[in-house]
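The values are calculated or read from the model by the stated rules, or taken from the named source; none is laboratory data. Every value quoted in this text rests on a predicted model; they were computed, and no experiment measured them. Here Cβ is always computed from backbone atoms with ideal geometry, including for glycine, and neighbour counts include all displayed protein chains.
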Amino acid sequence: MNGKEEGLQVKNDVSGAVYGIIAYTVWGLLPIYWKLLGEIPADEILAHRIFWAFLFVGGLFLSKNDIGVLKEAIKERKNIRNILICSFLITINWGTYIWAVNSGRILESSMGYYINPLMVVLLGMTVLKEKLNVLQYISIVFAAAGVIIITVQFGNIPWVSLLLALSFALYGLFKKLLKVESLTGMVLETAAVMPLALGYILFKLFSGQSALYSVPLSTAAILMLSGIATALPLLWFAMGAARLKLSTLGFLQYISPTLSLLIGVFLYGEKFTGTHLLSFSLIWTGIIIYSFSNFEAKSKLGNSKQADE
């Protein structure tokens with residue numbers, strides 16, 4: 001590799017990290033955005049989020065003039081099935097997250113995104129029949145212990161955390177099966193649920209029940225911009241993912257729940273008790289063990305390749 005090519009490689013790595021950091025930072029700060037819409041019911045926010053996201057990504061897609069890609073993507077029945085499943089899962093995820101934030105449950109939502117990587121490992125074992133190493137089993141045990149402790153202490157299963165983790169993990173699984181470019185996938189996913197979202201928005205408007213009749217114009221504008229707030233981080237994430245190693249991306253993903261946790265405690269005054277500390281500490285320990293297991297596995301693979309060469 002000559003000096004010029006080497007410089008380009010470094011530039012790509014740096015830009016990928018920048019895109020990844022921006023994407024996860026924006027996701028971490030989104031509780032503040034949804035709190036600005038606290039006067040509007042979560043179901044109505046969700047409908048608008050889907051509708052405006054579809055318009056935004058649809059506009060971007062049309063500007064690329066790649067209609068043939070869409071036609072190709074929906075030729076197979078399996079793809080249509082996976083698109084519908086992805087649409088359902090991401091709708092559940094978005095709706096749960098918005099409701100949780102505006103119901104004062106930001107800590108539970110952040111826990112969900114800490115658990116998510118370990119839920120992915122669990123799905124890999126149960127659905128894809130992947131073999132786990134000892135460290136990965138231990139990491140799942142720690143995370144499970146954290147969830148059990150908070151359940152026993154407060155007498156409630158942290159269903160928000162588990163639903164967010166499971167819906168996003170399943171979304172990632174079916175997203176892999178879909179195998180389409182990020183923007184194309186988002187157009188198809190939002191298009192699948194957009195008619196329902198638009199129908200709900202119109203029903204609310206014509207029945208006189210829409211929150212838009214009672215909120216200030218500035219709040220209505222924030223609601224309409226929710227599509228951009230949804231789509232841009234996803235696009236930045238895709239640009240980062242294309243330039244970064246998966247291990248680096250896996251490390252960056254903890255920016256988002258960490259910011260959400262800090263926002264919930266310090267900005268909105270959610271209680272962070274000793275039980276929360278113990279529960280989160282066990283989950284964080286599981287994450288550290290899981291990350292180390294990935295690093296160790298990659299090191300062994302790298303050494304094996306060098307030995308073969």
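Any idea which of 202, 198 is more than 16 Å from residue 90 (Cβ to Cβ) and over 25 Å from the mean Cα position of the chain (by Cα)? Spell out the reasoning first.
On the way: 198 fails: over 25 Å from the mean Cα position of the chain (by Cα).
The match here is 202.
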Over the range 122-139, the set of residues in contact with a Leu (Cβ under 8 Å, 6 or more places away or on another chain) and crowded, with 20+ Cβ neighbours inside 10 Å is 139
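Out of the residues in the range 1-20 that are surrounded by 13 or more Cβ atoms within 10 Å (Cβ to Cβ) and polar (S, T, N, Q), which is modelled with the highest pLDDT? Explain how you work it out, then say what you get.
Taking the range 1-20 as the starting set, the residues that turn out to be surrounded by 13 or more Cβ atoms within 10 Å (Cβ to Cβ) are 12-13, 15-20.
Filter once more, keeping what is polar (S, T, N, Q): 12, 15.
Numbers: 12: 46, 15: 85.
Looking at the filtered set, the residue picked out is 15.
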Among all residue pairs at least 6 apart or on different chains, which show Cβ distances below 8 Å where the first residue, located in the range 92-112, is touching a residue at least 12 places away in the same chain (Cβ under 8 Å) and the second is among the charged types (D, E, K, R) and part of a helix (DSSP H, G or I)? 94/49; 95/43; 98/49; 100/108; 101/35; 102/35
Identify the residue in the range 39-89 that is over 30 Å from residue 101 (Cβ atoms) and basic (Lys, Arg) and, among all such residues, is nearest to the chain's Cα centre (by Cα). 81
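Please pick out the residue among 241, 211 that is at pLDDT below 95, farther than 29 Å from residue 17 by Cα, buried (at least 17 other Cβ atoms within 10 Å of the Cβ) and touching a helix residue (DSSP H, G or I) at 6+ places or on another chain (Cβ under 9 Å). Let's see the steps before the verdict.
Details: 241 fails: farther than 29 Å from residue 17 by Cα.
Checking each option against the conditions leaves just 211.
Taking the options 23, 47, name whichever one is among the small types (Gly, Ala, Ser), assigned to a helix (DSSP H, G or I) and at pLDDT 95 or above.
Details: 23 fails: at pLDDT 95 or above.
After applying the criteria, what remains is 47.
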So which residues in the range 223-282 are within 26 Å of residue 139 (Cα to Cα), within 21 Å of the chain's Cα centre (by Cα) and not in a helix (DSSP H, G or I)? 244, 245, 253, 254
Which residues, counting only those in the range 257-266, are aliphatic (A, V, I, L, M), more than 27 Å from residue 60 (Cβ to Cβ) and either free of Cβ contacts under 8 Å to residues at least 60 places away in the same chain or crowded, with 20+ Cβ neighbours inside 10 Å (or both)? 261, 262, 263
Return the residue satisfying two criteria in turn: it lies in the range 94-134 and is in a helix (DSSP H, G or I) and more than 23 Å from residue 233 (Cα to Cα), and of such residues it is farthest from the chain's Cα centre (by Cα). 134
Determine whether the range 62-85 contains at least one residue that is at pLDDT 90 or above and within 26 Å of residue 216 (Cβ to Cβ). no
Considering only the range 151-169, I want to know if a residue exists there that is in contact with an Asp or Glu (Cβ under 9 Å, 6 or more places away or on another chain), part of a loop (DSSP other than H, G, I, E, B) and at pLDDT 85 or above. yes
So residue 254 ticks every box in (1) surrounded by fewer than 20 Cβ atoms within 10 Å (Cβ to Cβ); (2) more than 25 Å from residue 127 (Cβ to Cβ); (3) among the hydroxyl-bearing types (Ser, Thr, Tyr) but one. Which box is left unticked? (2)
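Residue under question is residue 141, and the condition is that it be among the hydrophobic types (A, V, I, L, M, F, W, C), at pLDDT 90 or above, more than 22 Å from residue 261 (Cβ to Cβ) and part of a helix (DSSP H, G or I); does it hold?
Answer is yes for this residue.
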Only one of (1) touching a residue at least 24 places away in the same chain (Cβ under 8 Å); (2) aliphatic (A, V, I, L, M); (3) out of contact with any Phe, Trp or Tyr (no Cβ under 6 Å at 6 or more places or on another chain) fails for residue 132. Which number is that? (1)
